[in-house]
Amino acid sequence: MAARTVIQGCAIATMDPARTEMSHGHVIIVGNRIEAVGAGPAPEIAGARVVDGSGCLLTPGLVNTHHHLYQWVTRGIAADATLFEWLTTLYPVWAGIDEYAVNVAARGGLAWLARTGCTLTSDHHYVFPRDGGDLLAAEIEGARSVGLRFHPARGSMDLGRSQGGLPPDHVVEDRDAALAATEEAVTRWHDPSPDSMLQIAVAPCSPFSVTGELMSEAAALARRLGVRLHTHLAETLDEEDFCRERFGCSSLEYAEGLGWLGDDVWFAHGIHLDDRAVQRIGETSTGIAHCPTSNARLGAGIARTRNLIDAGARVGLGVDGAASNESASMLEEARHAVLFARARGGPKALGVRDALALATIGGARVLGREDDLGSIEPGKLADLALWRLDTIAHADITDPVAALILGSPPPLELLLVDGRVVVEQDRVVTVDESAIAREATTVHQSLVRKAG
């Protein structure tokens with residue numbers, strides 16, 4: 001018989017289509033799926049584990065739609081640089097990564113994501129030094145050890161500096177080799193099942209590091225294999241200038257001409273989009289990974305979140321790479337999404353529940369998992385976050401959702417992924433956080449020395 005868990009006595013923000021909320025409710029979990037959600041106490045169930053959620057808010061687990069986990073071990077470098085300056089500084093450091101560095105970075109970054117309420121994360125890995133080993137396998141193993149649901153996107157770059165691109169030549173790949181490695185990754189790792197803990201996407205890096213041939217052939221490959229497509233787009237004005245000078249059009253027009261619009265595509269950032277571009281993204285149900293903290297950290301700009309949502313785009317949140325967002329906190333992204341949207345569009349631009357939706361069901365839609373994740377409903381997977389809101393920081397905030405989104409980050413009482421405990425009483429229980437911190441420090445120092 002499948003194990004049963006009951007969480008009760010808590011406020012619940014279900015994020016279901018009706019945005020149902022309860023001030024005191026319960027959730028019953030059987031195995032890895034939600035069996036029931038209701039107000040008041042749960043019926044007695046013999047043998048069930050009962051979690052007292054008094055003083056807490058239960059939400060769906062948060063979904064991170066854009067990350068670069070390898071950057072966890074290169075944080076704090078070029079802290080005051082523009083994006084292009086930052087990339088130029090860091091590429092020589094990243095050229096030294098190997099399997100061990102990537103595994104340590106993945107375990108550190110994923111453990112911290114778990115501490116900030118994340119249950120499903122994507123990762124865009126596009127740096128493959130020739131002697132680095134099997135880097136995708138290294139981060140997949142890291143995700144398995146932490147216990148998060150994982151959607152790594154096999155990235156690629158084939159436009160080196162000698163061809164007018166941004167990355168150094170020694171970190172780019174041959175186009176055919178990159179496509180072959182991407183197909184092999186999908187064949188080896190991708191699990192399309194509803195309960196999947198691991199799915200692979202196809203992800204050339206960006207217009208200034210990838211040739212048009214690789215972009216178009218990657219799109220064809222992804223559609224032949226039935227997986228999703230991801231890349232950076234419209235992150236900076238420098239990128240827009242690059243596309244207009246090199247291709248004679250905007251970055252979105254360039255991407256569309258290469259087959260990169262549709263409900264199987266999501267772009268990271270999408271900041272510098274005019275009205276027509278916003279409309280096209282909405283018309284085609286293309287996804288956007290909104291990364292407000294990183295965008296502010298690099299001075300890239302503020303995405304038109306409200307306009308994109310209203311146009312029909314699928315919008316989720318992303319922490320982006322840890323080297324451009326040292327906090328790498330999913331909960332902080334939800335808070336910043338509200339603050340920056342209002343700074344740009346006024347006090348009604350984005351509500352606190354809109355931000356929670358972006359962080360949960362919105363992210364699930366971007367990654368194609370909305371049928372099984374992103375809301376607390378019977379039949380969905382038990383990926384849940386239980387937040388403690390009865391401490392001094394939150395106890396007298398009337399609205400629990402406002403407390404979560406606008407208040408200080410609260411302690412995470414419990415995080416379940418696939419019905420299994422990953423965080424309990426604000427501590428990751430699947431890995432040793434202190435040991436990972438020591439390993440990450442050693443790797444960081446080694447990479448900086450090698451690059452120097």
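Only the coordinates and a few stated rules stand behind these numbers; no lab work does. Treat the numbers as computed from the prediction; the structure is a model and nothing was measured. Cβ sites come from the backbone with ideal geometry, for glycine too, and all protein chains shown count toward neighbours.
Side notes on the structure shown:
- Local electrostatic count at Gly31 - Lys and Arg +1, Asp and Glu -1, tallied over other residues with Cβ under 11 Å: 0
- Here the dipole of the chain is about 540 debye; that uses its Cα centre as origin and unit charges on the Cβ of Lys and Arg (positive) and Asp and Glu (negative).
- Relative contact order (%) - the range 19-148, alpha-carbon pairs under 8 angstrom, separation at least six: 25
- The string of couplings for the range 215-229 from the Karplus curve (6.51, -1.76, 1.60, θ = phi - 60°) is 4, 5, 5, 5, 4, 5, 4, 4, 6, 5, 8, x, 10, 8, 10 Hz, one whole number per residue in order, with x for Gly and Pro.
- Seen from Thr391, the other residues with C-beta closer than 15 Å to its C-beta sum to a net charge of -3, counting Lys and Arg as +1 and Asp and Glu as -1.
- Think of the chain as having a plus end and a minus end, set by charges on the Cβ of Lys, Arg, Asp and Glu; of Ser434, Ala382, Ser23, Ser23 sits farthest toward the positive end of this dipole.
- Prolate/oblate/rounded call for the range 62-366, Cα gyration tensor, a/c under 1.5 rounded: rounded
- The slack between Glu326 and Ile392, meaning 0.36 nm per residue of separation minus the straight C-alpha distance, is 21.1 nm.
- For the range 62-366: relative contact order, % (alpha-carbon pairs under 8 angstrom, 6 or more apart): 20
- Spin-label pair Phe247/His170, simplified geometry with 7 Å Cα→Cβ offset, distance in nm: 3.0
- Three-way shape label, the range 396-445, alpha-carbon gyration tensor, a/c 1.5: oblate
- Backbone N atoms of the range 118-149 closer than 20 Å to the 7 Å Cα→Cβ label point of Ala451 belong to residues 124-133, 135-136, 139.
- Residues whose amide H lies under 5 Å from that of Arg33, counting only those 5 or more places away or on a different chain, are Ala382; hydrogens are built 1.01 Å from N in the peptide plane.
- Taking the chain, the Cys residues with no second Cys beta-carbon under 4.7 angstrom are Cys118, Cys205, Cys243, Cys249, Cys291.
- Each of the peptides 73-79, 203-209 was scored by the mean count of other Cβ atoms within 10 Å over its residues; in descending order, highest first, they stand as 203-209, 73-79.
- Difference of contour (0.36 nm per residue) and Cα-Cα distance, Val50 to Thr442: 137.0 nm
- Backbone phi angles across the range 190-206, fed through the Karplus curve with coefficients 6.51, -1.76 and 1.60 (θ = phi - 60°), yield HN-Hα couplings of 5, 10, x, 5, x, 8, 3, 9, 8, 9, 10, 10, 9, 8, x, 5, 5 Hz in residue order; Gly and Pro are listed as x.
- Computed extension length for Ser196-Glu213: 3.0 nm, one decimal, from 0.36 nm per residue of separation with the Cα-Cα distance subtracted.
- For Val315, residues with placed amide H under 5 Å, excluding near neighbours: Ile288
- Spin-label model distance (nm) - Glu184 vs Asp134, 7 Å beyond Cα toward Cβ: 1.0
- Arg223 versus Thr284: modelled label distance in nm, points set 7 Å from Cα along the beta carbon direction: 1.0
- Whole-Hz ³J(HN,Hα) from phi, Karplus 6.51 cos²θ - 1.76 cosθ + 1.60, for the range 318-328, glycine and proline x: x, 7, 6, x, 5, 7, 10, 7, 4, 6, 6
- Antiparallel beta bridges, as assigned by DSSP with both residues in the range 1-111, represent about 70 percent of the total such bridges.
- Euclidean distance between Cα centres, the range 200-233 to the range 384-452, Å: 32
- Computed over the range 243-358: relative contact order in percent, which uses C-alpha pairs under 8 Å that are six or more apart: 20
- Charge dipole (the range 62-366, unit charges on Cβ, about Cα centre) - positive-most of Ala341, Met215, Ile97: Ala341
- Each peptide in 413-423, 389-399, 300-310 receives the mean, over its residues, of other Cβ atoms within 10 Å, and ordering these scores from highest gives 413-423, 300-310, 389-399.
- Protection-proxy order for peptides 273-280, 260-267, 2-9, each taking the mean of Cβ atoms within 10 Å per residue, highest first: 260-267, 2-9, 273-280
- For Val51, the residues whose modelled amide H falls within less than 5 Å of its own, excluding neighbours fewer than 5 places apart on the same chain, are Val6, Ile7, Gln8.
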